[in-house]
Amino acid sequence: MLAAALRWRSRTLIALPLALLWILGTPVVADTVMRSLEDRYTWRPDAAYAEADAVFVLGGGILGPRDRSGAPSGIEVEWGASADRFERALSLHLSGRARVLVLSAGAPGNPGEPGDGARLREIAIQRGVPPESVIVTREVLNTATEADALTELASRLHWKRVLLVTSAFHMPRAMRLFRKCPAEVVPVPVDYQTPAAGMPSGSAGLDQYLPQAEALFRSERAVREYWGILFYSVVRN
């Protein structure tokens with residue numbers, strides 16, 4: 001729209017994208033949009049979940065971009081922004097809520113280096129999970145292929161119930177993609193980006209209505225999830 005404004009000298013074409021950036025960049029709008037995704041599934045403690053055959057943690061951002069993949073037995077770990085996913089899945093398994101811990105293998109890594117799934121498997125074993133109780137999926141590229149991989153596992157192993165762990169804002173899209181899984185898929189949301197309704201946020205007063213880069217980032221993530229939900233509702237209905 002800004003590029004078009006240069007061609008047609010339209011003040012409207014200049015004002016609209018600036019207004020959109022301002023609106024989506026304000027914390028009050030960003031939190032509202034993000035919370036509309038995060039509040040669809042309720043957070044519950046481990047003990048509130050019925051026993052399941054497996055707990056599956058979706059990949060993406062669990063390990064940091066500079067994690068030392070070659071470090072033995074997970075001694076040195078650089079965690080990423082979504083590390084809560086792994087920690088919660090591990091807690092559910094160790095507390096007896098799930099018999100098997102299933103990890104996403106992730107995309108193919110550099111030759112000679114273990115992928116994210118193999119790396120997390122080492123860490124899980126170091127934390128007390130028996131090696132035979134950890135399964136790493138085949139290589140996957142996104143949530144859709146993760147859903148396909150888990151569906152294959154659940155069908156082959158005759159699982160009845162699977163706990164699905166991912167970030168709260170990502171859970172609505174994930175649950176849509178896992179609808180064809182033969183096992184009952186129980187959502188376990190973690191990694192919340194916004195405070196609960198009624199709780200104070202990081203910004204207060206006038207700051208809630210002034211654009212901030214962090215707020216624009218939250219809006220972008222939320223809008224991306226809605227685009228994903230719309231896309232998969234068409235191509236994987």
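On the accessible surface of the range 82-237, probed at 1.4 Å, how many percent belong to carbon and sulfur atoms? Exposed carbon and sulfur together represent 55 percent of the surface. These residues, 157, 94, 141, 103, go from largest to smallest accessible area, 1.4 Å probe, as 141, 94, 157, 103. Give me the net charge of residue 55's neighbourhood, meaning all other residues with Cβ under 11 Å from the Cβ of residue 55; Lys, Arg count +1, Asp, Glu -1. So the environment of residue 55 carries a net charge of +2. When you count the other C-beta atoms within 10 angstrom of each residue and take the mean per peptide, 80-87, 130-137 line up highest first as 80-87, 130-137. Counting only protein heavy atoms and using a 1.4 Å probe, the accessible area of residue 121 comes to about 80 Å². The local environment of residue 230, defined by Cβ-Cβ distances under 12 Å, has a net charge of +3 under the rule Lys, Arg +1 and Asp, Glu -1.
Specify whether the C-alpha gyration tensor of the range 13-93 places it in the rounded, prolate or oblate class, a ≥ b ≥ c being the square roots of the eigenvalues: rounded for a/c under 1.5, otherwise prolate if a/b is larger than b/c and oblate if not. Oblate, since a/c reaches 1.5 and b/c is not below a/b. Shown for the chain are the DSSP H helices of 24 Å or more along their axis, judged by Cα atoms, with a mean Kyte-Doolittle hydropathy of at least 0.0: 213-235. Using Cα centres only, tell me the gap between the range 80-157 and the range 1-40 in whole Å. Their Cα centres are 38 Å away from one another. Across the range 168-178, rounded Karplus estimates of 3J(HN,Hα) from the backbone phi angles (6.51 cos²θ - 1.76 cosθ + 1.60, θ = phi - 60°) give 4, 6, 8, 4, x, 5, 4, 4, 5, 6, 8 Hz, Gly and Pro being marked x.
Rolling a 1.4 Å probe across the protein heavy atoms gives the chain an accessible surface of 54 Å² per residue.
The values are calculated or read from the model by the stated rules, or taken from the named source; none is laboratory data. A quick note: this is a predicted structure, and the numbers were derived from the prediction, not measured. Neighbour counts are summed over all protein chains in view; Cβ atoms, including those assigned to glycine, are modelled from backbone coordinates with ideal geometry. For accessibility, only protein heavy atoms count, side chains too; no ligands or nucleic acids. Shrake-Rupley method; radii C 1.70, N 1.55, O 1.52, S 1.80 Å.
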